[in-house]
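The values are calculated or read from the model by the stated rules, or taken from the named source; none is laboratory data. Only a predicted model underlies this, so the values are computations on that prediction, with no experimental measurement involved. In this analysis, Cβ positions are derived from the backbone assuming ideal geometry, glycine residues included, and neighbour counts consider all displayed protein chains. These accessible areas exclude ligands, DNA and RNA; they are computed on the full protein's heavy atoms, side chains included. Shrake-Rupley method; radii C 1.70, N 1.55, O 1.52, S 1.80 Å.
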Amino acid sequence: MKTSDPTTTPNFDALARPYRWLEYLTFGPYLQRTRTCFLSELETCRRALVLGDGDGRFTAALLRANPSIHVHAIDASPAMLRALQKSAGPHADRLTTEAADLRQWSPRAGTHYDLVATHFFLDCLTTPEIAVLAARLSPALAPQARWVVSDFAIPATKFGALVAAPLVAALYRAFSILTHLRVRQLPNHRAALESSGWAMESEKKHLGGLLLSQLWHRR
Ligand SMILES: C[S@@+](CC[C@H](N)C(=O)[O-])C[C@H]1O[C@@H](n2cnc3c(N)ncnc32)[C@H](O)[C@@H]1O
């Protein structure tokens, strides 16, 4: 695979099977707590667009918690999508999956999602790529749509400099080797979403600010 090309789609297939266990070994329950932090706020949502959800633990939790919701899950990795389908279990009849590179994907005309979910996915994109994605989604979103985000962050504290920054750099190095991800640093997703017409409603920090859960709404 040509890895010097920044447009190469990262390939997470090999991680689909061990992903959950690698996560438990490194972060214990914290990433799942971060993903599901605002789940109880999403009870009125009916059509969700879940982007880059990997093996689908957020999708499974959302389908379980909200029996009226339909989920369209998109990911570049077919192996991750198979794992996501399996995670949905008895709720898979309310799930549609699609394999695509989200840097090129556009929603079908006539769809109206009222929820977008991106958990530890925006950090696979650059800030301009997030802004372009948000602009492409815009015509397919309901006026009251919300966006839930989970992501890593480097807090401006001693812990940020001594622990979070080296840890995030190590994660990027590992993903670069394992998946050929070309992004090397956390994007500024806050700036990209704000410039695309979104406003942050609520934010919760976990593990000293290393992990963020955010709930956004359209302005
Ligand atoms: C770091 S994993 C995060 C998975 C999951 N959302 C979580 O919370 O752990 C990133 C996921 O995004 C997908 N992905 C990365 N870049 C992508 C792209 N450009 N288009 C579509 N999916 C992408 C990967 O296949 C992978 O499943």
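Values as computed for the structure displayed
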read-out: Rounded if a/c under 1.5, otherwise prolate or oblate - the stretch 157-219, Cα gyration tensor axes; value: oblate
read-out: Accessible carbon and sulfur surface of the chain relative to its total accessible area, %, 1.4 Å; value: 57 percent
read-out: Positive minus negative residues near residue 23 (Lys, Arg vs Asp, Glu; Cβ under 14 Å); value: +3
read-out: Interchain or long-range residues, amide H under 5 Å from residue 70's placed H; value: 47, 48
read-out: 14 Å Cα-Cα reach of residue 205 towards aspartates and glutamates, excluding residues that sit fewer than 8 places from it in its own chain; value: 151
read-out: Nearest-20 debye value, the chain charge dipole, Cβ charges on Lys, Arg, Asp, Glu; value: 160 debye
read-out: Rel. contact order, % - alpha carbon contacts under 8 angstrom, at least six apart, the chain; value: 22 percent
read-out: Under 13 Å, Cβ to Cβ, from residue 147 - net charge with Lys/Arg +1 and Asp/Glu -1; value: -2
read-out: Within the stretch 55-134, trypsin sites (Lys or Arg not before Pro) in DSSP loop having at most 11 other beta-carbon neighbours inside 10 Å; value: 108
read-out: Set of aspartates and glutamates with alpha-carbon distance to residue 86 below 20 Å, sequence-local pairs under 8 removed; value: 13, 23, 53, 55, 75, 98
read-out: Summed side-chain charge close to residue 200 - residues other than residue 200 whose Cβ falls under 15 Å, Lys, Arg +1, Asp, Glu -1; value: +1
read-out: Tail weight of P(r) past 29 Å, computed on alpha-carbon pairs of the chain, percent; value: 20 percent
read-out: For the stretch 149-216 versus the stretch 49-93, the gap between their alpha-carbon centres in whole angstrom; value: 23 Å
read-out: Stretchable slack from residue 106 to residue 205, in nm (0.36 nm times residue separation minus alpha-carbon distance); value: 32.5 nm
